[in-house]
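Structure first, then comments.
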Amino acid sequence: MKNTKNKIQSGFVVLASTLGIFVTVSFFAFYLARFSANESATGGHYIMDIKARNLASTGIEHGLQLIQSSFSSFSSPVIGNFNNGSYKVTLNTSVDEIGSNLQYNHYGLLKSEAEIGQVKRNARLIISSYPDAFNLAFYGKNDGGSAFSTSSTINGDIYFNGNIGSVNLASGKIAYTSLTNSGTNAIFHGYPLVEFPTVDNTYYQNLLSSVSGSFNSGVEPMLTFDGNNDYAAIQNLFYTHSGEISKLTVSAWVKVPPDGGDWAIVDFDRSEYYNCIVGIKNTRINNEGDYVGFHTRASSGGIKDMWSSSTIRDNEWHHIVWVFDSEQVYDKKIYIDNQLDSQQDAYSTNVGLGSGANRYGFLGDGSEANSYNANRNKIYFQGSMNKVSIWHKAFSANEISYLENIPESDYDDNDLVAYWPMDEGSGNTLNDKSNNNNNAITFNNPTWGTRQNSGQGTVSNETITISSLNNENTLMHDGTINFNNCTINGPGKILVSGDLTFSGGTLTGSIDIISGGKITADGTIIGNSLTNSCVLYSTSDILITASTIYGIIICNGENLKVQSSSSINGAIYSNSVNTEINSSAVIGSVVSKYSLSLESSTLNKGSLPQIFGTSYGFKNMIIPGSYKEF
């Protein structure tokens, strides 16, 4: 029994041990299966994570394409689907992905949110709406090969292609140079160097090519001669020496009715000096009406008659300019409405006008006078005129439009002999606005009247809302114009083919100001914030004096000058040989094709107007190091 009992106990132990091993193995097998399942799930998630990240990058690429080609698409989130997933792309120009303000107003956050297989991934980029050079306080391409130095304070990094002398940078700011041997005041930027950005001028040039007509905000006086006996005699002005006129320009606005014309707009005797007339081209000099005439007598060569090729007897206002320049081969020219109509090789080079007889002049009749208001031809002009001027200067073709409306600031020009705007509106005295006191007195009562402003030389003390002018929201003027103490409200465009001057006044409401001539702002406020800013674009010079500007300044002339406590908030882009900032403050960025003269001023790197989706000609860029996945 004893042995039997032991054997039974031994068998039980073996059985129990076997069961224990089975349970243990089963337990580990269960957990091994769970581990294998979790590992598969983790591997699948990892693959989906990669796909989601790639999909977020695809969204970023799509967004970059839209910024270039169709910015308006970002008016709402852009949705895309790819590879069984979806993405949403947005552009935020205010805050980043965590709600913090972007560093500059002209930055934008491009964000892509992707989801695939319940896995979500995001990516973002920071984009500037300007090229790389505008990330600096000052960039100088230095085409002139000069050195750059200044004692004025600059708070921001600068870059200059060339030698950098002594500069007054704020603490922590860096002066970069293109030179590997950088000297003690700068450090080598490294490659690639910063490039000078080119601007696509297509937008501006297309607008300038569309300019026609004149901005007319009111009426101005003019004088009508009846063709029977009306005329005006010029006081004090006379000629008395042979060949004394080496250069001459006569300018006038005239309106000739279908049955009008004849002698003369200005006359100092065709057979002794010159006369400027409108008349019919035929064999009788004194019976002209359809054409412009320019008849002269020189010290040698005799009388030379000349006519225009265009007719003007159409009852419309025309700007006529007669030019004589003894130094030119074609010494006589006639311009009609700012275009060269005809020219003549009348005399040998350096032969001046004048026979040596004593002659006084007239408006509206022909002269035979050797004293004031003496003998006349009594061939009377029929039509209207105003803004008549005489210059002892030969104006060039590109200066003719200036004569449409002579600014008051030039009334003391030494070459201006006489200027009769005929703005009195009543009476018989036509006041000479030059310094020469050559007034003209009317006889037999020519009629005062008014006309739409002729090229609108000066617009004063007016409030102009551009959107109320036309459907294009455009103030357009073909010529030179001066806005004096005016309030101009945008949004819209100001397009001027000639010089554009703002004297005092304010401009607000996102206005594109584009000039084919010089832009001058004197004591003017242009824009009132970076989000309510303006663009100033000139094919010529820009002069800013004692003015405040929010916006973008683009200068393509020889000179860009900011002076006299002016304040510029935004971007300055200069192709000018001379870029000067004197006794003024700039917050933003200055980019110059040449160098910069910065005197008694401050330059601080700051925000620029945000220009995503505009046609202003600048290329945007990705801020280096701004890509982030989250």
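Out of the residues in segment 583-609 that are of a type outside the set (A, V, I, L, M, F, W, C) and part of a strand (DSSP E or B), which is nearest to Val199 (Cα to Cα)?
Filtering segment 583-609 for residues that are of a type outside the set (A, V, I, L, M, F, W, C) and part of a strand (DSSP E or B), the one nearest to Val199 (Cα to Cα) comes out as Ser592.
Scanning for something modelled with pLDDT under 90, in contact with a Cys (Cβ under 9 Å, 6 or more places away or on another chain) and surrounded by fewer than 22 Cβ atoms within 10 Å (Cβ to Cβ), does segment 454-461 turn up at least one residue? Yes, that holds for at least one residue.
So is Asn101 of a type outside the set (A, V, I, L, M), touching a helix residue (DSSP H, G or I) at 6+ places or on another chain (Cβ under 8 Å), farther than 15 Å from Tyr627 by Cα and free of Cβ contacts under 8 Å to residues at least 60 places away in the same chain or not? No; evaluated as a whole, the condition is false for this residue. Residues in segment 346-392 that are basic (Lys, Arg) and surrounded by fewer than 18 Cβ atoms within 10 Å (Cβ to Cβ): 1 in all.
Within segment 203-261, if we keep just the residues that are outside the structural domain of Leu430 (by TED's automatic domain parsing) and more than 30 Å from Ser460 (Cβ to Cβ), the residue that is surrounded by the fewest Cβ atoms within 10 Å (Cβ to Cβ) turns out to be Asn206. Screening Val577 on (1) in contact (Cβ under 8 Å) with a residue 24 or more places away in the chain; (2) buried (at least 19 other Cβ atoms within 10 Å of the Cβ); (3) among the β-branched types (Val, Ile, Thr) shows it passes everything except condition (2). With a requirement of 1 or more residues that are in contact with a helix residue (DSSP H, G or I) (Cβ under 9 Å, 6 or more places away or on another chain), the strands (runs of 3 or more DSSP E) lying completely within segment 326-425 that satisfy it span 332-336, 339-344, 382-391, 416-420.
Restricting to segment 306-325, and then to whatever is hydrophobic (A, V, I, L, M, F, W, C) and assigned to a loop (DSSP other than H, G, I, E, B), can you tell me which residue is farthest from the chain's Cα centre (by Cα)?
Taking segment 306-325 as the starting set, the residues that turn out to be hydrophobic (A, V, I, L, M, F, W, C) are 306-307, 312, 317, 320-324.
Imposing the further condition that a residue be assigned to a loop (DSSP other than H, G, I, E, B) reduces the set to 306, 312.
Numbers: Met306: 40, Ile312: 34 Å.
The extreme case among them is Met306.
I'd like to know if segment 211-221 contains one or more residues that are more than 30 Å from Ala357 (Cβ to Cβ) and touching a Phe, Trp or Tyr at 6+ places or on another chain (Cβ under 7 Å).
For segment 211-221, residues more than 30 Å from Ala357 (Cβ to Cβ) and touching a Phe, Trp or Tyr at 6+ places or on another chain (Cβ under 7 Å): present.
Can you tell me which residue among Asn489, Asn471 is of a type outside the set (Ser, Thr, Tyr) and surrounded by fewer than 16 Cβ atoms within 10 Å (Cβ to Cβ)? So the residue among Asn489, Asn471 that is of a type outside the set (Ser, Thr, Tyr) and surrounded by fewer than 16 Cβ atoms within 10 Å (Cβ to Cβ) is Asn471. Counting only residues that are over 21 Å from Gly588 (Cβ atoms) and either aliphatic (A, V, I, L, M) or surrounded by 16 or more Cβ atoms within 10 Å (Cβ to Cβ) (or both), segment 166-184 holds 4 of them.
Within segment 534-553, the set of residues being buried (at least 24 other Cβ atoms within 10 Å of the Cβ) and hydrophobic (A, V, I, L, M, F, W, C) comprises Cys534, Val535, Leu536, Ile542, Ile544, Ile549, Ile552, Ile553.
The values are calculated or read from the model by the stated rules, or taken from the named source; none is laboratory data. Note that the structure is a prediction, hence the values are computed from the model and not measured. Every residue, glycine as well, gets a Cβ built from its backbone with ideal geometry; the counts of neighbours run over all protein chains shown.
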